[in-house]
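Data first, discussion second: the structure below is written as structure tokens.
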Amino acid sequence: MKRKHIRLLLMTALLLSCTACGFFGKEETPTAPEKEAVKQEEKKKQETPVTDAATLRKQQIEKQAERMMREMTTYEKLCQLLIVSPESLTGVGPVTAASDVSAQALAKMPVGGILYSRQNFISQEQVRTMLTNLQSYAKIPLILTCDEEGGRVNRLMDSVSTTYIGPMLNYKDQGSDVAYQNAFTIASDMKALGFNFDLAPVADVWSNPANTVIGDRAYSDDFHEAGVLVKAAVQGFHDGGVGTALKHFPGHGDTSADTHLGAVYVYKSLDELRGNELLPFQSGIEAGSDMVMIAHLILPDIDDQPAPFSSKIVTDLLRKELHFEGVVITDGLQMGAMSDYYSSGEIAVRAISAGVDLLLCPDNPQEAVSALQNALEQGELSQARIDESVKRILAMKINRGIIPLEQS
């Protein structure tokens, strides 16, 4: 055998011997505790939520709303549940300015907001000054709103010559871009005058040709098309600088009577509503609408009382099924469907009990507040129920920039 081959065999044998005896070491096997520690660390990483900017902002808003609410008296909380007309607030009218009378009235009844109508408007500069002054008097900044849908339901276009937009139904075939732009234009004009909310868009569908109450106020006579257009409109209003209220839940488009004049019935089953009337509301909610307005409708197949008094409609359907987390507001409580049958106090207590947050223009605001106070004292309403609504209203105001968001 050659010498180099012998050397190679000897070296191989030596290497095998060193390896066997552990001279080069060997890979260590993790102990059971070490394995468990690694496992728990991986689990912790998977369970730790990734908190994005939107979530952080929401948490900050809720924290601020909670703190503000704790600093309020019970009376201030109850007043925050009302939006009233400037005439109801001051006891004089028509109101076209905000001066000491308004300041004193607001100090006496610190309501959540003011709904203006055409009689309050003379010129754009007058509107701007009036709203700016009134807002300066408020301890908690106000919702300042009106009904500015376009077409025949407008308060500013025909009084102080903001940009005219026609009835929404006129634009139904022009697509979502036009629906967005119309809403953006209306909102931009309102924002420039000092408004921060519009009681729009109409999410009803003109499915009954005999229905003149809604008619061309609707975005479409087709449920699915209305859903697409309403969603675009909500985005347009928001981008233009005002909050929104989808109306009139759960759908006023297939009625032939007018809730301004008296009781109105809708003979639809819940399944029929789900497949039709609710579609535009669902789209508007998904688009982030701040409020949903409850119509003064009676739906016998769901409940035998008006929708604002029905926890089946307000809480079970709107809150739980449609997952709406925003503010629920009534339609105007001075309308015949309400005022012809119930007192302002009874309306307030029954609506808040059902899950409503905001009472729009009760006939007698002071009676409404007093009735809520009595219901609290007698245990008919809980403080938690009131606080739930107040916190929602404050959070909405912070989110819309009506109340400045505090920087942490």
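The values are calculated or read from the model by the stated rules, or taken from the named source; none is laboratory data. For clarity, every value in this text was computed on a predicted model and none was experimentally measured. Cβ atoms come from the backbone with ideal geometry, glycine included; neighbour counts cover every protein chain shown. Only protein heavy atoms, including side chains, enter the accessible area calculation; ligands, DNA and RNA are left aside. Shrake-Rupley method; radii C 1.70, N 1.55, O 1.52, S 1.80 Å.
List of remarks:
- Residue identified as open to solvent by less than 20 Å² (accessible area, probe 1.4 Å) and free of Cβ contacts under 8 Å to residues at least 40 places away in the same chain among A97, A105: A105
- Any hit, segment 198-216, residues being in contact (Cβ under 8 Å) with a residue 12 or more places away in the chain, within 14 Å of the chain's Cα centre (by Cα) and not in a loop (DSSP other than H, G, I, E, B): yes
- Restricting attention to segment 113-137 and to residues that are part of a loop (DSSP other than H, G, I, E, B) and crowded, with 21+ Cβ neighbours inside 10 Å, the residue that is farthest from the chain's Cα centre (by Cα) turns out to be F121.
- Top-ranked residue of segment 352-389 - restricted to ones that are of a type in the set (V, I, T) and more than 19 Å from S310 (Cβ to Cβ), ranked as farthest from the chain's Cα centre (by Cα): V369
- A count restricted to segment 106-137 and to residues that are among the aromatic types (F, W, Y) and under 13 Å from L89 (Cβ atoms) stands at 2.
- The set of residues from segment 116-172 being touching a Pro at 6+ places or on another chain (Cβ under 9 Å) and on the phi > 0 side of the Ramachandran plot comprises G150, G151.
- Options D258, D221: the member that is modelled with pLDDT of 95 or more, open to solvent by 10 Å² or more (accessible area, probe 1.4 Å) and in a loop (DSSP other than H, G, I, E, B): D221
- Looking across D173, D221, D239, one residue alone is among the acidic types (D, E), without any contact (Cβ under 8 Å) to a residue 60 or more places away in the chain, out of contact with any Ser or Thr (no Cβ under 7 Å at 6 or more places or on another chain) and farther than 30 Å from N399 by Cβ. It is D173.
- Helices (runs of 4 or more DSSP H) within segment 1-104 that include 3 or more residues modelled with pLDDT under 85 and among the basic types (K, R): 3-20, 32-47
- Test: L229 is closer than 22 Å to N170 by Cα and touching a His at 6+ places or on another chain (Cβ under 7 Å): no
- Counted residues, segment 372-394 - those being open to solvent by 20 Å² or more (accessible area, probe 1.4 Å) and either outside any loop (DSSP other than H, G, I, E, B) or within 21 Å of A245 (Cα to Cα) (or both): 11
- Test result for L199, open to solvent by less than 20 Å² (accessible area, probe 1.4 Å) and in contact with a helix residue (DSSP H, G or I) (Cβ under 7 Å, 6 or more places away or on another chain): no
- Just one of the listed residues (A187, A263) is more than 23 Å from the chain's Cα centre (by Cα) and of a type in the set (A, V, I, L, M), and it is A263.
- Looking only at residues of segment 299-351 that are of a type in the set (D, E) and in a loop (DSSP other than H, G, I, E, B), we find that the one that is surrounded by the most Cβ atoms within 10 Å (Cβ to Cβ) is D331.
- Filtered residue count, segment 233-252, keeping only those that are surrounded by fewer than 24 Cβ atoms within 10 Å (Cβ to Cβ) and more than 23 Å from P141 (Cβ to Cβ): 1
- Residue list for segment 151-190, filter: touching a Lys or Arg at 6+ places or on another chain (Cβ under 9 Å) and under 25 Å from E125 (Cα atoms): G151, R152, V153, N154, R155, L156, D158, S159
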